[in-house]
Ligand SMILES: [Zn+2]
Ligand SMILES: [Zn+2]
């Protein structure tokens, strides 16, 4: 008897609550659609020092949608798919870019969510027919600046996800020594999925579901090394300096369509190789990190001194980017993979950009996912 009453009470409460919430939610959704990309409502966290809650992840970043910042008549463009870093920033996908020449894409780095980031870009840019550019058979060439997890974790998806929709050709993934082994392991790890898809299919060729890893010659110097060339682009690799990794590279793309030159620094601090890769280039896509507020970094030790030493071995403080800028003579810098640590009350979403400008770097922009350059 008691149980029956309780159940019927619950049913009434649940029924009423659901009906009200549903209608309220419909109204609320219509009113806040414009704000939804800023993740409103936002609950300010008490603990702001975790990877989830660091102020750099708050919905206080540059308040704009993706922009086409490329010269309208250029036959080469760069698409920023993911401008994020290892922190789980809900507004930035992991590091992933693409050079587009004569309507054909060449990918640089393959961070978390690249495949969704690509769809986001296709759905938010009308400057180019990105839907045709990124037709599934065109997802073929990828260049990895280094093998850190945040730049490579999208690899299984790069190899397997397009295959779920098309029997494409094998992919070629260029990168530092060890990339061949990494790709072999990924091919092996997803073999159950691959074989299941191929079985009983009349359209899928299992040969189209894997990739080949092609290592850049480890003896590559600051003179650069030609690693790829076709009718659209010439790609050269230059050694960079990033923590304790033995081999990391910047890539210099020369577009044969219009002569534009794009350099991609990946992660790292100042290096002669990076300056050489960006020599007189049209754009250098590069990381940046706050020096002013480095004491608020969520990693790298307990004291400011220790953080400067540890984090400085990995990343690009403003004075070092100024050196790359001066030595390379690069025309424009576009920052991605920005680490904007700060105290919540003083948080400035454009803080790192301002530090770079204060350092004397002109023509510098902060990228957002979906931007074209
Ligand atoms: Zn990184
Ligand atoms: Zn890295």
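The values are calculated or read from the model by the stated rules, or taken from the named source; none is laboratory data. Since the structure is predicted, the reported quantities are computational estimates derived from the model, not experimental observations. Every residue, glycine among them, receives a Cβ derived from its backbone with ideal geometry; neighbour counts consider all protein chains shown.
Tabulated data for the structure shown
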{"read-out": "Residues satisfying the stated conditions in segment 266-286, i.e. surrounded by fewer than 24 Cβ atoms within 10 Å (Cβ to Cβ), within 19 Å of the chain's Cα centre (by Cα) and either within 15 Å of ligand 1 (Cβ to nearest atom) or free of Cβ contacts under 8 Å to residues at least 60 places away in the same chain (or both)", "value": "269"}
{"read-out": "Filtered residue count, segment 305-319, keeping only those that are part of a helix (DSSP H, G or I), within 16 Å of ligand 1 (Cβ to nearest atom) and either touching a strand residue (DSSP E or B) at 6+ places or on another chain (Cβ under 8 Å) or in contact (Cβ under 8 Å) with a residue 24 or more places away in the chain (or both)", "value": "2"}
{"read-out": "Search result, residues across segment 210-226 that are crowded, with 16+ Cβ neighbours inside 10 Å, at pLDDT 95 or above and not in a strand (DSSP E or B)", "value": "216, 220, 224"}
{"read-out": "Selection status of residue 146, assigned to a loop (DSSP other than H, G, I, E, B) and crowded, with 18+ Cβ neighbours inside 10 Å", "value": "yes"}
{"read-out": "Conditions (1) within 18 Å of residue 365 (Cβ to Cβ); (2) within 16 Å of ligand 1 (Cβ to nearest atom); (3) assigned to a strand (DSSP E or B): number failed by residue 107", "value": "(1)"}
{"read-out": "Residue 109 being on the phi > 0 side of the Ramachandran plot and either crowded, with 24+ Cβ neighbours inside 10 Å or within 16 Å of ligand 2 (Cβ to nearest atom) (or both)", "value": "yes"}
{"read-out": "Enumeration of residues in segment 227-265 that are within 16 Å of ligand 2 (Cβ to nearest atom) and either part of a loop (DSSP other than H, G, I, E, B) or surrounded by fewer than 16 Cβ atoms within 10 Å (Cβ to Cβ) (or both)", "value": "240, 241, 242, 243, 244, 245, 246, 247, 248, 265"}
{"read-out": "Among the candidates 89, 102, residue that is surrounded by fewer than 24 Cβ atoms within 10 Å (Cβ to Cβ), farther than 14 Å from residue 143 by Cα and modelled with pLDDT under 95", "value": "89"}
